[in-house]
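Encoded as structure tokens, the structure appears first; notes follow it.
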Amino acid sequence: MRTSTWKPRLVMVIAVSALCLSLPLGVHGQTCESSDPFPPDLSESLSERYPGRRFTATVYDARNGCTYTFQPETRITTASVFKIEVLAGLLWRAENEGRPLSSWEMERAIPMITESANPPTSDLFLSLGGVAGFESIHDAFGLEETVIPSGRWGLTLTSASDQIHLVRQLLLNEFGPLDGDSVMVARDLMGSVIPSQQWGISAGVPGRWEFELKNGFYPTRGIGWRINSVGVIRDIDDGAYAMAIFSDGWSTEAAGISALEKVATILNDALVPRSAPEGIPFIDVGQSDWFYDPVRWAYEGQVVYGTSPITFSPFDGATRGQVAAVLNRFLDLPPGDPETGFTDIEDSVFVDDIAALVDAGITWGCNPPENDHYCPHRVLERGEVAAMLVRALGLSDRGEGNPFIDDDDSVFERDIEILAEAGLLQGCNPPENTRSCPHSRLSRAEIVTFLERVPPSA
């Protein structure tokens, strides 16, 4: 997730013009088995690691015209991925009426896509005619495997292939009923998703590449959490590929996101032509990336390891367990009492690291006041890690004042101020750096950057 450099890039007004279709609406792309990014043992591997969970995925590579599928017969409900079709229907209606999106429509489309807000989605769903209206939208975009079984749009049943067919029209503009201006509106909106929702198909994508996505994440009785991610990834040479991954059956949102991002990383590893830069084995870290020096420093000092032998996953969220391990190695703490009182870390590979941090007074539970859970798989927020680093390094307030404008309501305001005074924390909105984003998910790139700034005398 590009949390450190994220800036909204919304287009607020569009002009509508006529479109001459260059491809028939039914084009779904050729299949190319020789370059299939899905490993042959993926189904077996996922079944063993995540029993009872369902996955389906489709990739379309615009660079060679190939389409690749995994478990294509599986149908999973969309959750908030349905909002992509709402946006498509909205733009299609506006074009048919010879106008840009109205202020009423745009005021709802922006939070629907960038924040995944549900009330504006329901407003737009009804304005487009509800279930009956979306049957026409399905037809307009050639969605033959998508059905809304009730008036609840989040329970729309779909296939990964249908969603790829949709984004090829909405984001890649290869064919379909939308003109180029409408496609740019969709790209701007789906490229401006808030940092905390930039997980998913972006996992393992090089820092210099761009992506537009929309995720779905919602629990349903009898199904569990549905965790889905759909969008387009663009390389630095103007090439692009579309990816859709759907899954369900998860007991928690975090578990589903972690699993989906493992699949996305496998696919991106296969689809991204790259080599590792000097000094590190990670092909998803470039020498021009802002985090290259911190990652190399952390790797050479054995403070951090990759998510695979060749990937660092810099934009993945840093979990409480991972940060415990990183801090334990960085501080070289003595072993802690294994009887931490936490009931959810018995099977965690980070149990010793967590124990060491607890004994050092650096961390405690995630469910006050009981604090009998550690939540090792939950991704930390920037404010939370500020508090951990202040305790870990024994930093104190210098009284220089708070340089940020967005943390007055955060319980970590003082910790953020102390960390900024020490030169370890900078803003999240460069070059202004007036915001600390205390509630944003902490990325793996950010935690090593914070630690690399610690002076040797600290």
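Readers should treat all values here as calculations from the given coordinates under stated rules, not as data from a laboratory. Being a predicted model, the structure only gives us computed values, none of them experimental. FYI the Cβ positions are ideal-geometry reconstructions off the backbone, even for glycines, and counts take in every protein chain you see.
Given segment 30-271 reduced to its alpha-carbon atoms as identical point scatterers, what log10 I(q)/I(0) does the Debye formula return at q = 0.15, 0.18 Å⁻¹?
Computed log10 I(q)/I(0) values: -0.99, -1.47.
Non-local amide H neighbours of TYR218 (under 5 Å, H modeled in plane, Pro and chain starts lacking H): which ones?
ARG226
In segment 357-458, which trypsin sites (Lys or Arg not before Pro) fall in coil by DSSP and have 12 or fewer other Cβ atoms within 10 Å?
Of the trypsin sites (Lys or Arg not before Pro), the ones in loops of segment 357-458 whose Cβ has at most 12 other Cβ atoms within 10 Å are ARG398.
Quickly rank 230-237, 158-165, 363-370 as a protection proxy: mean count of other C-beta atoms within 10 Å, highest first.
Result, highest mean Cβ count within 10 Å first: 158-165, 230-237, 363-370.
Checking the a/c ratio against 1.5 first, then a/b against b/c, what shape does the Cα gyration tensor give for segment 96-205?
rounded
With 10 angstrom as the radius, rank THR114, THR77 by how many other C-beta atoms surround their C-beta, starting from the fewest.
Going from sparsest to densest Cβ surroundings: THR114, THR77.
Given the -39500 (n - 2.57) contribution per DSSP H run of 4+ residues, what per-residue ellipticity at 222 nm results for the chain, rounded to the nearest 500 deg cm²/dmol?
Value at 222 nm, helices only, nearest 500: -10500 deg cm²/dmol.
What is the projected area of the convex hull of the Cα atoms of the chain, averaged over all directions, in nm²?
Convex hull of Cα atoms, orientation-averaged projection: 22.7 nm².
If you wrap segment 268-389's Cα atoms in a convex hull and average its projection over all directions, what's the area in nm²?
Averaging across all directions leaves 8.4 nm² for the Cα convex hull.
Gap in Å between the Cα centre of segment 165-206 and the Cα centre of segment 96-131?
Cα centroid of segment 96-131 versus Cα centroid of segment 165-206: 16 Å apart.
Dipole of the chain, Cα-centred, from +1 at each Lys and Arg C-beta and -1 at each Asp and Glu C-beta, to the nearest 20 debye?
Roughly 700 debye for the chain.
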